[in-house]
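Peer 1: Dropping a structure here in structure tokens format, bear with me for questions.
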Amino acid sequence: MKYPLGIMKKRNKDFYYTKEAMVKDLMKLINFNKGDLVLDAGSGANKVWYNNIPKYCKRYECEIEHGCNFYEWKDKVDWVIGNLPFHIGWDFVNKSLDIAQTGMAFLGNINF
């Protein structure tokens, strides 16, 4: 099966990797400041969001499959970012409201 532009190879029924070119374009829209604490809320196996957080920021990541549950994150950060599981997107937004001091930036679609 061939996938439309903007969607990477299918991992399973509900999971798609984000193309790095898209992440780089989206990162340009976020007003990061030097020293910002930035949390990738679900870094995934390819860590494409995490790896593209500007080097002048302090980077953190959560990935449930690697033992770090975003819902258990307690520390304040400036930004929470990433491509979240769309079917529980609002849960991520609510959690982010508790820990993000500056903002949140998520990739979403109609299912978010």
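Peer 1: Mind checking the per residue accessible area of the chain for me, 1.4 Å probe, whole number of Å²?
Peer 2: So the chain comes to 64 Å² accessible per residue, rounded to a whole number.
Peer 1: If each DSSP helix of 4+ residues adds -39,500 (n - 2.57) and the sum is divided by the residues in the chain, what number results at 222 nm, nearest 500 deg cm²/dmol?
Peer 2: Helix contribution divided over all residues of the chain: -5500 deg cm²/dmol.
Peer 1: Where does the Debye-calculated log10 I(q)/I(0) of the chain sit at q = 0.10, 0.16, 0.18, 0.23 Å⁻¹, using only Cα point scatterers of equal weight, no solvent?
Peer 2: -0.27, -0.70, -0.90, -1.47
Peer 1: Going by alpha carbons, how many degrees (0 to 90, nearest 10) lie between the helix axis of 89-99 and the longest principal axis of the chain?
Peer 2: Long axis of 89-99 versus the principal axis of the chain: about 10 degrees.
Peer 1: Spelling out what I want: for every residue of the range 19-33, take phi, set θ = phi - 60°, compute 6.51 cos²θ - 1.76 cosθ + 1.60 (Karplus), and round to whole Hz; glycine and proline get x.
Peer 2: 3J(HN,Hα) across the range 19-33, in whole Hz: 5, 4, 4, 5, 4, 4, 5, 5, 4, 5, 7, 9, 8, 6, 10.
Peer 1: Looking at the chain as a GNM with Cα springs under 10 Å, which of Gly82, Gly44, Gly67 has the largest mean-square fluctuation?
Peer 2: Gly67
The values are calculated or read from the model by the stated rules, or taken from the named source; none is laboratory data. Remember, predicted model here, so these are calculated numbers, not experimental data. Note: areas computed on protein heavy atoms with side chains; ligands, DNA, RNA excluded. Shrake-Rupley method; radii C 1.70, N 1.55, O 1.52, S 1.80 Å.
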